[in-house]
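See below for the structure under consideration.
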Amino acid sequence: MFEASAIQALVILIVLIFLGMFLRQWGILKYSDGLTLSKIIINVSIPALILSSLSQQQFEAEKLLLAAVMIISQLACALIAWVVSYFLKLSRPRRGALILASTFTSSAFLGYAVVKEAFHNNSEALADAAIVSELGVATLLFTVGIFIAMYFGSLGELSFKGKFKEMSKFFYSPIFISLILGIGLSFFNISKKNVFVSSVYELLQLIASANTFLVALTIGVMLYFKDFRKVWWIVLVAVIIKLIIQPLLSQAQAHIFQFPDLWQQIVVLEAAMPTAAMTAVFAKKYGCDAELTSILIFATFISSIITMIMMVLLL
């Protein structure tokens, strides 16, 4: 049942992504509209989804293990990518691009959409996905990710104060605020019989319900087929580390910690997501090879269509 639902979710997302590509081809949407849509997703629909999901589920401290599994898997992949890039004798900007693309998963941007469709709006699954995404991925992406981009890019000499300022931005972003607020509200038994409370939740769910469509549309609008011939070997390394090794590491840890089926499915699905789009932003901003990073993001996304189905069948 889960396999069929997850594969159906992927098919729906792929159809919507192609819709976004066709809308761009027809001139209804432009590439620049994708940047605007991504801002709406990050600042509006994802925070609404997180707040709505987390606040309706009792938070359990043991769920921090979900985040821990993702953190360990990503750091292990970062180390593997660093070692491989060293032996491949890549330039510092390219090493940074490979490490970023091999490490950080698109758990928020695409992960929520897949989980939402695969589990048919199951609030518990969405709440678990929020823990994995925001505590296990986002906190690492906006701290270690920025540090990697700075270290291997042209801004490695930035002062400690400058680095700290950049990394601290995440902790007052709408996503992090909604995470903390959602966890805080989960400790209170909020009654939805109150008209005001029920109206607020209805509004949040209405906004959150648009997330899947917005994500798929944004990817389609911003997706271009590029020539991989010059960097195919780097692409292959990134795909193997990000889409095969990372989910397998997550599954191995899930077995060690004896996770229930739902938790195991969530961490493996999230780990099997393609590279986070924000890595291209960091690469561009801090002087890594942004063009290579974009190619790797695209490659992991296309390849993830196959690898996610493999992971679903494996589950």
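The values are calculated or read from the model by the stated rules, or taken from the named source; none is laboratory data. Because the structure is a prediction, the values reported are computed rather than measured. Every residue, glycine among them, receives a Cβ derived from its backbone with ideal geometry; neighbour counts consider all protein chains shown.
Miscellaneous remarks
- Selected residue (only one of A68, A61 is modelled with pLDDT under 90, more than 20 Å from P47 (Cα to Cα) and surrounded by fewer than 17 Cβ atoms within 10 Å (Cβ to Cβ)): A61
- Scanning segment 256-283 for residues that are under 17 Å from A76 (Cα atoms) and not small (G, A, S) turns up I256, V267, V268, E270, M273, P274, T275.
- Looking across segment 269-287 at every residue that is of a type in the set (S, T, Y) and at pLDDT below 85, the one that is nearest to A125 (Cα to Cα) is identified as T279.
- Taken over segment 33-56, the criterion of being under 28 Å from F259 (Cα atoms) and either modelled with pLDDT of 75 or more or buried (at least 20 other Cβ atoms within 10 Å of the Cβ) (or both) is satisfied by I46, P47, A48, L49, I50, L51, S52, S53, L54, S55.
- Residue match in segment 87-104 (condition: assigned to a loop (DSSP other than H, G, I, E, B) and under 22 Å from A130 (Cα atoms)): yes
- Search result, residues across segment 276-295 that are over 19 Å from the mean Cα position of the chain (by Cα) and of a type in the set (G, A, S): G287
- Restricting attention to segment 6-32 and to residues that are small (G, A, S) and assigned to a helix (DSSP H, G or I), the residue that is modelled with the highest pLDDT turns out to be G20.
- Only one of I234, I266, I256, I241 that is over 20 Å from the mean Cα position of the chain (by Cα), surrounded by 22 or more Cβ atoms within 10 Å (Cβ to Cβ) and modelled with pLDDT of 85 or more: I234
- Contact annotation: residue pairs with Cβ atoms under 8 Å, 6 or more positions apart or on different chains, pairing a residue in segment 182-208 that is under 13 Å from S53 (Cα atoms) and aromatic (F, W, Y) with a partner that is part of a helix (DSSP H, G or I) and at pLDDT below 85, are Y201/S52.
- Listed conditions (1) closer than 28 Å to Q264 by Cβ; (2) modelled with pLDDT of 80 or more; (3) surrounded by 15 or more Cβ atoms within 10 Å (Cβ to Cβ) are all met by V200, apart from (1).
Condition check ((1) surrounded by fewer than 24 Cβ atoms within 10 Å (Cβ to Cβ); (2) in contact with a Leu (Cβ under 9 Å, 6 or more places away or on another chain); (3) modelled with pLDDT of 80 or more) across all residues:
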residue	(1), (2), (3)
G111	no, yes, no
K116	yes, yes, no
F119	yes, yes, no
E124	yes, yes, no
A129	no, yes, no
E134	no, yes, no
L140	yes, yes, yes
G145	no, yes, yes
I148	no, yes, yes
